[in-house]
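Down below is the structure, laid out as structure tokens.
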Amino acid sequence: MRGSSAFLFACAALAGCAPAPRGGGGIVSTNPCADAMLVELVPHDRITAISHYSQDPGATSIPLDLANSFRGTRGTAEEVVAMQPDLVIASAFTSPATRAAYARAGLRTLYLDSPVTIEASKAQVTELAAALGVPEKGKAMNETIDRAVAAAAKGGPPVPALVWIGGNMVSGEGNLLDEMLRRAGFANQAAHYGLQFTGTLPAERIVADPPRVMLVPDGQGRDSASRAAELRRRALAHSQGRVTEATFPRNLVNCGGPVIATAMTRLAEIRRQVGR
């Protein structure tokens, strides 16, 4: 009897047979940027599981102690279907096979893309809050974002800044962070170098044409001994004091939503420090 039940469940999850009976409830997120919104929009007891990326120091956008208080999921169809959630929040890049498995299991799903503007991110907050049944919470979150963006606005000539994400990766133009830099009075030096989205830069380019500000991840851990750190040291030495290095935590570069407000506040602090 037990073997028969296991077979029927596997059939329901993977082969298109009748869905397994509903049971678990709650919300399962396999999207780390959705996690950042989710934990602020609903009581935590509504959350069944979050993405395992949110429990990775190099990928999370929420405090690790908070992330580790939830069950983590690697987002496989079998694992999510077994939890039988009321709602699955996933990435727009979720594979067709996984989407089909969710549909066969009768799961309600919401697929979110990666917004590249502040307005698109706010629209995503509104969409998620509506799906969760808390539209007023979404409105409040967007108002917080608007206040932080307005408070960070800076006139005058933009200050060239280069954002190091980690290792030897930098953030280029055409993404959410690029707009946040511009709103806070910076010019994205990676865009000046011709880099779009995220990529690497030759050390010689940075040394020959350094930014006014280098925004770097937290000084602890792997990055402090990385090639990126060596590149920064070379550029700083070559600049003879013309380049300022400022900490911009790694968890502020991954996502939008409520992260925007925190990131804009930090960018405004750095902009005030460098003056001009």
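Can you work out which of the residues in the stretch 148-171 that are more than 18 Å from Glu245 (Cα to Cα) and either assigned to a strand (DSSP E or B) or at pLDDT 90 or above (or both) is farthest from the chain's Cα centre (by Cα)?
Residue satisfying both the conditions and the ranking: Pro157.
Could you list, in sequence order, the residues of the stretch 30-62 that are over 19 Å from Val125 (Cβ atoms) and either at pLDDT 95 or above or in contact with a Pro (Cβ under 8 Å, 6 or more places away or on another chain) (or both)?
Asp45, Thr48, Ala49, His52, Tyr53, Gln55, Ala59
Output the residues belonging to the stretch 244-276 that are in contact with a Gly (Cβ under 8 Å, 6 or more places away or on another chain) and either among the basic types (Lys, Arg) or not assigned by TED's automatic domain parsing to the domain that holds Gly166 (or both).
Arg250, Arg271, Arg276, listed by residue number.
Of all the residues that make up the stretch 29-55, how many are under 12 Å from the mean Cα position of the chain (by Cα) and of a type in the set (D, E, K, R)?
So the count comes out to 1.
Check every one of the helices (runs of 4 or more DSSP H) wholly within the stretch 29-119 and list those with 2 or more residues that are more than 30 Å from Pro217 (Cα to Cα) and not small (Gly, Ala, Ser).
Filter on the stretch 29-119 gives 77-83, 96-104.
Taking the conditions exactly as written (at negative phi, surrounded by fewer than 20 Cβ atoms within 10 Å (Cβ to Cβ), in contact (Cβ under 8 Å) with a residue 12 or more places away in the chain and hydrophobic (A, V, I, L, M, F, W, C)), does Ala161 satisfy them or not?
Taking the combined requirement at face value, the residue does not satisfy it.
I need a count of the residues in the stretch 120-140 that are in a loop (DSSP other than H, G, I, E, B) and either hydrophobic (A, V, I, L, M, F, W, C) or in contact (Cβ under 8 Å) with a residue 40 or more places away in the chain (or both).
Summing the residues that are in a loop (DSSP other than H, G, I, E, B) and either hydrophobic (A, V, I, L, M, F, W, C) or in contact (Cβ under 8 Å) with a residue 40 or more places away in the chain (or both) in the stretch 120-140 gives 1.
I'm trying to understand the selection: among the residues of the stretch 105-117, which are surrounded by fewer than 20 Cβ atoms within 10 Å (Cβ to Cβ) and either touching a Pro at 6+ places or on another chain (Cβ under 8 Å) or farther than 11 Å from Ser29 by Cα (or both)?
Gly106, Arg108, Asp113, Ser114, Val116, Thr117
For the stretch 180-195, give me each residue that is surrounded by fewer than 22 Cβ atoms within 10 Å (Cβ to Cβ) and part of a helix (DSSP H, G or I).
Within the stretch 180-195, Arg182, Arg183, Ala191, His192 qualify.
Conditions tested, residue by residue: (1) closer than 23 Å to Thr262 by Cα; (2) of a type in the set (A, V, I, L, M, F, W, C); (3) in contact with a helix residue (DSSP H, G or I) (Cβ under 9 Å, 6 or more places away or on another chain).
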{"residue": "Gly58", "(1), (2), (3)": "yes, no, yes"}
{"residue": "Phe70", "(1), (2), (3)": "yes, yes, yes"}
{"residue": "Glu78", "(1), (2), (3)": "no, no, yes"}
{"residue": "Val81", "(1), (2), (3)": "no, yes, yes"}
{"residue": "Ala97", "(1), (2), (3)": "no, yes, yes"}
{"residue": "Thr109", "(1), (2), (3)": "no, no, yes"}
{"residue": "Ala129", "(1), (2), (3)": "yes, yes, yes"}
{"residue": "Pro135", "(1), (2), (3)": "yes, no, yes"}
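Given the residues Ala101, Ala90, Ala82, which is the only one that is more than 28 Å from Lys137 (Cα to Cα), crowded, with 20+ Cβ neighbours inside 10 Å, at pLDDT 95 or above and not hydroxyl-bearing (Ser, Thr, Tyr)?
The unique qualifying residue is Ala101.
Return a yes/no flag: does the stretch 237-252 have any residue that is at pLDDT 65 or above, among the aromatic types (Phe, Trp, Tyr), assigned to a loop (DSSP other than H, G, I, E, B) and buried (at least 18 other Cβ atoms within 10 Å of the Cβ).
So far as the stretch 237-252 goes, yes, one or more of its residues are at pLDDT 65 or above, among the aromatic types (Phe, Trp, Tyr), assigned to a loop (DSSP other than H, G, I, E, B) and buried (at least 18 other Cβ atoms within 10 Å of the Cβ).
The values are calculated or read from the model by the stated rules, or taken from the named source; none is laboratory data. Since the structure is predicted, the reported quantities are computational estimates derived from the model, not experimental observations. For neighbour counting, all protein chains shown are included, and Cβ atoms are generated from backbone atoms with ideal geometry for every residue, glycine included.
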